[in-house]
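**Student:** Pasting a structure below so you can have a look.
The values are calculated or read from the model by the stated rules, or taken from the named source; none is laboratory data. Not measured: the values here are computed from a predicted model. Here the Cβ positions follow ideal geometry from the backbone for every residue, glycine too, while neighbour counts run over all protein chains shown. All accessible areas refer to the heavy atoms of the entire protein, side chains included, with ligands and DNA or RNA removed. Shrake-Rupley method; radii C 1.70, N 1.55, O 1.52, S 1.80 Å.
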Amino acid sequence: MLTVGLTGGIGAGKSEVSRLLVSYGAVLVDADRIAREVVEPGTPGLAAVVEAFGPGVLTGEGRLDRPKLGAIVFGDAERLATLNGIVHPLVGARSAELQAAAEPDAVVVHDVPLLTENGLAPLYDVVVVVDASEENRLDRLVRLRGMTESEARARMAAQATAEQRRAIADYVIDNDGPLEALERQVRAVWEELAARAARTAGE
């Protein structure tokens, strides 16, 4: 088994790369998706969040009101740490379950947006960084995600720099060109990852 940490700045196109890797045969462990799953209604995770922040963080249907919770923890390091202390261990446990269920020769791709910022590179055999120019990322966030330019710039500025991400990368996938160019790069990286995973399984 080969564990891969996949990361990239907001708007770089990481989700497209993870989609391609899955189409080639990778097992995807999506930290963001799991973070949503562990606080679904009826979960111990949601109960713990309500206990810590009060019933005001729920919608009328009993689901987590993410914007409301975000407003509470944004800019408050102590409350953010409380939330992370609840969610991160649950995400870690679920991620480990999914990885353990994979085949011995699997390439397990962990999609981790804040891999660089949280110093998580040593947890993976390989780190793949998806990169794109600031100009292209800004355009995608405004055009495709409906952010204002100032919102997009603030989100980008809150993350690690391209240099910091590249410093921990084993592979860098450049996503400034057309989709065909991206597909060629991802396919080449996949073939190397699959070969490494097969070697590891045979040892």
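**Student:** Which members of segment 173-203 meet the condition of being among the β-branched types (Val, Ile, Thr) and out of contact with any helix residue (DSSP H, G or I) (no Cβ under 6 Å at 6 or more places or on another chain)? Let's see the steps before the verdict.
**Tutor:** Step one: filter segment 173-203 for residues among the β-branched types (Val, Ile, Thr), giving 173, 186, 189, 200.
Those that are among the β-branched types (Val, Ile, Thr) and out of contact with any helix residue (DSSP H, G or I) (no Cβ under 6 Å at 6 or more places or on another chain): Val189, Thr200.
**Student:** For segment 119-166, what are the residues that are within 18 Å of the chain's Cα centre (by Cα), without any contact (Cβ under 8 Å) to a residue 24 or more places away in the chain and within 28 Å of Phe74 (Cβ to Cβ)?
**Tutor:** Gly119, Ala157, Ala158, Thr161
Residue by residue, here is whether (1) over 30 Å from Pro122 (Cα atoms); (2) at pLDDT 95 or above; (3) touching an Asp or Glu at 6+ places or on another chain (Cβ under 6 Å); (4) not β-branched (Val, Ile, Thr) holds:
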{"position": "Leu2", "(1), (2), (3), (4)": "no, yes, yes, yes"}
{"position": "Thr7", "(1), (2), (3), (4)": "no, yes, no, no"}
{"position": "Gly13", "(1), (2), (3), (4)": "no, no, no, yes"}
{"position": "Ser23", "(1), (2), (3), (4)": "no, yes, no, yes"}
{"position": "Leu28", "(1), (2), (3), (4)": "no, yes, no, yes"}
{"position": "Pro41", "(1), (2), (3), (4)": "yes, yes, no, yes"}
{"position": "Val50", "(1), (2), (3), (4)": "yes, yes, no, no"}
{"position": "Ala71", "(1), (2), (3), (4)": "yes, no, no, yes"}
{"position": "Asp76", "(1), (2), (3), (4)": "no, no, no, yes"}
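**Student:** Of all residues in segment 127-175, how many are open to solvent by 80 Å² or more (accessible area, probe 1.4 Å), among the small types (Gly, Ala, Ser) and either closer than 25 Å to Arg196 by Cβ or touching an Asp or Glu at 6+ places or on another chain (Cβ under 7 Å) (or both)?
**Tutor:** Looking only at that region, the number is 1.
**Student:** Going through Arg145, Arg140, Arg166, Arg155 one at a time, which residue ends up being over 18 Å from Val17 (Cβ atoms) and out of contact with any Leu (no Cβ under 6 Å at 6 or more places or on another chain)?
**Tutor:** Working: Arg145 fails: over 18 Å from Val17 (Cβ atoms); Arg140 fails: over 18 Å from Val17 (Cβ atoms); Arg166 fails: over 18 Å from Val17 (Cβ atoms).
Being over 18 Å from Val17 (Cβ atoms) and out of contact with any Leu (no Cβ under 6 Å at 6 or more places or on another chain) holds for just one of Arg145, Arg140, Arg166, Arg155, which is Arg155.
**Student:** Looking at the structure I just gave you, is Val107 closer than 22 Å to Glu16 by Cα, crowded, with 20+ Cβ neighbours inside 10 Å and modelled with pLDDT of 95 or more? Step through it out loud before you land on a result.
**Tutor:** Values: closer than 22 Å to Glu16 by Cα: yes; crowded, with 20+ Cβ neighbours inside 10 Å: yes; modelled with pLDDT of 95 or more: yes.
For Val107, the condition - closer than 22 Å to Glu16 by Cα, crowded, with 20+ Cβ neighbours inside 10 Å and modelled with pLDDT of 95 or more - is met.
**Student:** Still on this structure: Give segment 64-104 a look and list any residue that's touching a helix residue (DSSP H, G or I) at 6+ places or on another chain (Cβ under 9 Å) and in contact (Cβ under 8 Å) with a residue 40 or more places away in the chain, or say none.
**Tutor:** The answer is Ile86, Val87, Leu90, Val91, Arg94, Ser95, Leu98, Glu103, Pro104.
**Student:** Take the residues in segment 19-58 that are assigned to a helix (DSSP H, G or I) and of a type in the set (Val, Ile, Thr), then tell me which one is surrounded by the fewest Cβ atoms within 10 Å (Cβ to Cβ).
**Tutor:** Val22
**Student:** Something else about it: Can Leu64 be described as farther than 30 Å from Gln164 by Cα, open to solvent by less than 60 Å² (accessible area, probe 1.4 Å) and of a type in the set (A, V, I, L, M, F, W, C)?
**Tutor:** On the way: farther than 30 Å from Gln164 by Cα: yes; open to solvent by less than 60 Å² (accessible area, probe 1.4 Å): yes; of a type in the set (A, V, I, L, M, F, W, C): yes.
For Leu64, the condition - farther than 30 Å from Gln164 by Cα, open to solvent by less than 60 Å² (accessible area, probe 1.4 Å) and of a type in the set (A, V, I, L, M, F, W, C) - is met.
**Student:** Residues of segment 69-78 being within 22 Å of the chain's Cα centre (by Cα) and either open to solvent by 70 Å² or more (accessible area, probe 1.4 Å) or aliphatic (A, V, I, L, M) (or both), which ones? Show your work before the answer.
**Tutor:** Our first condition is that a residue be within 22 Å of the chain's Cα centre (by Cα); within segment 69-78, this holds for 69-71, 73-75, 77.
Answer for segment 69-78, where residues must be within 22 Å of the chain's Cα centre (by Cα) and either open to solvent by 70 Å² or more (accessible area, probe 1.4 Å) or aliphatic (A, V, I, L, M) (or both): Leu69, Ala71, Val73, Phe74, Gly75, Ala77.
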